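The values are calculated or read from the model by the stated rules, or taken from the named source; none is laboratory data. These figures come from a predicted structure and were not determined experimentally. Note that each Cβ is placed from the backbone with ideal geometry, even for glycine, and that neighbours are counted across all protein chains shown. Please note that ligands, DNA and RNA were not included when accessible areas were found on the heavy atoms of the full protein model with its side chains. Shrake-Rupley method; radii C 1.70, N 1.55, O 1.52, S 1.80 Å.
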Amino acid sequence: MLDDGDTKCLPVVAAMLNPELGLPFDDIDLQHQMQQYHWYVSGYRMSYHDPNDEETKALFWDLPATQTMFRVVVKANNTRVMMDNLITSLKKCLEEMASLGPGFMSMHEPKKLKTGMKGHAC
């Protein structure tokens, strides 16, 4: 992510699962699954709570307020082995969640409903 030109960059890689795939999980679910592999991948909902009218609103005009994304901080001490492990862990998590299919959604949807979709209660 560029903050101010080529010399003042944030050491962050940001991405989102493709919303067109209609996956029964999102980037915040991915964050929770990655913890089992000892990776902290931050998941975020692309919305904010407007204190003026108490409504949840989308951050971007071209994405819904329910859209999520994740980020990974790239530290100076990261090695190729560590990055290979990150990629392997991401693949495993996606395969695990996909193998559960609708079962993953049915397992987590009640928790999400309890929080009013404002966060994950996993």
Region 27-82: trypsin sites (Lys or Arg not before Pro) falling in loop per DSSP and having at most 13 other Cβ within 10 Å: K75
Which residues in region 32-46 have a backbone N closer than 19 Å to a point placed 7 Å from the Cα of L100 along the Cα-to-Cβ line? 32-45
Just read off the accessible area of S47 with the full protein assembly in place, 1.4 Å probe, to the nearest 10 Å². 30 Å²
